[in-house]
Amino acid sequence: MLDTNICIFFIKGQYELNKKIAEIGVENCFISEMTVAELKYGIENSKTVEAMRIIVEAFIPKFAIIPIYNSLDIYAKEKAKLRKEGLLIDDFDILIGATAIASDMIMVTNNVAHLSRLNDIQIEDWTTLAKK
């Protein structure tokens, strides 16, 4: 599951993510509904709304979109745990991570510090692979 930051880096042509996704196979890469929401927000928050809309709307259909419904129990448990620990992270990050956990997928992100707080999450940071 590609986190929103990985999608943005891919769109910007950074970290050779196009090569990594081609190697893994686009059919093996997924995005959460929450990532779609964040990308659409990014469009509306952009200085070049129409140009970004074309780019992002062409990007989204490249990947299967995973709904969040099956991850809501994990989201609730993880958010309660993080709140008790005083380590709360953004709701969308929890939902995206919970979707990866519920779907038994590896979370591809460079937001390792926050997402590693979730129980049972598997994480890969493809941005560090490109730096080597």
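No lab work stands behind these numbers, since they all come straight from the coordinates. For clarity, every value in this text was computed on a predicted model and none was experimentally measured. Virtual Cβ from ideal backbone geometry, glycine too; neighbours counted across all protein chains shown.
Restricted to the range 65-83, and to residues there that are charged (D, E, K, R) and within 17 Å of Leu115 (Cβ to Cβ), the residue that is surrounded by the most Cβ atoms within 10 Å (Cβ to Cβ) is Glu78. For the range 1-59, the set of residues classified as of a type in the set (Asp, Glu), loosely packed, with under 15 Cβ neighbours inside 10 Å and under 20 Å from Asn110 (Cα atoms) consists of Glu23 only.
In the range 121-128 there is at least one residue that is outside any helix (DSSP H, G or I), of a type outside the set (S, T, N, Q), buried (at least 18 other Cβ atoms within 10 Å of the Cβ) and in contact with a Gly (Cβ under 7 Å, 6 or more places away or on another chain).
For the range 53-92, a residue qualifies if it is hydrophobic (A, V, I, L, M, F, W, C) and assigned to a loop (DSSP other than H, G, I, E, B), and the qualifying residues are Phe63, Ile68, Leu87, Leu88, Ile89. Residue count for the range 101-120, restricted to those that are farther than 22 Å from Phe10 by Cβ and among the polar types (S, T, N, Q): 1.
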